[in-house]
Amino acid sequence: MTRSASPAEKSSVEEIRQRFDADVERFSNLDTGQSAAIDAPLVLDLIARAAAAVSSGPIRLLDVGCGAGNYTLKLSERVPLAEVTLIDLSRPMLERAQQRIGQVSPAVIRSIQGDIREISLEVDHYDVIVAAAVLHHLRTDDQWRSVFAKLHSCLRPGGTLWIADLVDHALPPVQELMWQRYGEYLAALDGPEYRDRVLAYVEREDTPRSLGFQLDLLRAVGFRAVEVLHKNSVFAAFGATK
């Protein structure tokens with residue numbers, strides 16, 4: 001797969017919001033997660049287990065790009081949630097997430113519709129942050145640094161950040177190999193037309209960075225330790241401790 005669109009040619013925030021407004025049901029299944037993502041159910045479980053393993057007592061959780069709330073729901077099975085802040089571009093996603101979480105958790109839930117690049121957050125406040133399939137919408141290195149620094153600042157000391165996302169690769173031959181594998185996965189999942197449709201919106205919407213880039217940046221903005229939970233083809237799950 002060749003992905004050549006420049007950041008200026010990518011979908012706008014409003015175009016991305018409109019697509020997710022119309023896709024709530026696909027993101028509302030804990031058993032499948034987001035099917036277009038390789039190993040989505042495994043990654044969902046790994047992040048919930050890892051976040052729970054390093055947390056104690058009721059936690060204050062920030063779910064960035066929460067979608068329909070799957071990561072918060074999965075984490076609520078393992079640790080008590082005192083407070084949940086949900087961020088998403090899509091109002092229908094936020095409404096579905098709040099409804100689902102409210103049915104199983106007594107946590108105080110706050111919903112914020114908006115872009116993580118523009119939202120102000122409390123400093124030293126959250127025990128756990130989850131960001132799943134959202135940061136690949138960042139465009140420039142400066143945006144990546146700014147958002148990672150923001151997430152670091154709003155964690156309390158000892159708090160953790162967990163990311164599950166699409167990733168690029170630093171070596172072009174490996175990049176080509178991994179995207180070929182992803183195309184094969186999509187075709188096996190639902191046929192060539194589905195593969196072409198997914199790869200087309202990745203081309204339009206997404207500007208992922210390599211796992212190495214993100215781990216280095218987490219350290220650079222102040223995280224004291226990083227952990228890689230899983231990587232398969234063009235998807236990775238990893239975390240960091242403040």
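Assorted remarks:
- In region 42-153, the inverse of the mean reciprocal separation of distinct Cα atoms equals 14.2 Å; this is its Kirkwood hydrodynamic radius.
- Charge dipole (Cα centre; +1 on Lys/Arg Cβ, -1 on Asp/Glu Cβ; no other charges) of region 92-131 amounts to roughly 260 debye.
- Percent accessible area from carbon and sulfur atoms, the chain, protein chains only, probe 1.4 Å: 51
- Mean separation of Cα contacts under 8 Å, 6 or more apart, over the residue count of region 28-98: relative contact order %: 32
- Taken per residue, the accessible surface of the chain reaches 44 Å², heavy atoms only and a 1.4 Å probe.
- GluC sites (Glu not before Pro) restricted to DSSP loop in region 56-138 with at most 16 other C-beta within 10 Å: Glu77, Glu118, Glu122
- Each part reduced to its alpha carbon centroid, region 105-122 and region 172-214 end up 30 Å apart.
- Sum of -39500 (n - 2.57) over DSSP H runs of 4+, divided by residues of the chain (222 nm, nearest 500): -13000 deg cm²/dmol
- Of Ala50, Ala220, Ala149, the one that fluctuates the most in a GNM where the chain has Cα springs shorter than 10 Å: Ala220
- Candidates Ala188, Ala36, Ala97, ranked by Gaussian network fluctuation over the chain, Cα under 10 Å, top entry: Ala188
- Shape category assigned to region 38-94 from the gyration tensor of Cα positions, a/c cut at 1.5: oblate
- Amide H contacts of Asp168 (H built 1.01 Å from N, under 5 Å, at least 5 apart or other chain): Arg209, Ser210, Leu211
- Cross-link reach list, lysines versus Lys74, counting only Cα pairs under 22 Å and skipping chain neighbours closer than eight places: Lys231
- Equivalent ellipsoid dimensions for region 97-192 as semi-axes, Å, which come from the Cα gyration tensor, largest first: 31, 21, 12
- Computed over the chain, relative contact order equals 21 percent, with contacts defined as Cα pairs under 8 Å that lie 6+ residues apart.
- Rounded to the nearest 10 Å², the accessible area of Cys154 at probe 1.4 Å: 0
The values are calculated or read from the model by the stated rules, or taken from the named source; none is laboratory data. Given the structure is predicted, the values throughout are model-derived calculations rather than measurements. Note that each Cβ is placed from the backbone with ideal geometry, even for glycine, and that neighbours are counted across all protein chains shown. The area values use the complete protein model at the heavy-atom level, side chains included, leaving out ligands, DNA and RNA. Shrake-Rupley method; radii C 1.70, N 1.55, O 1.52, S 1.80 Å.
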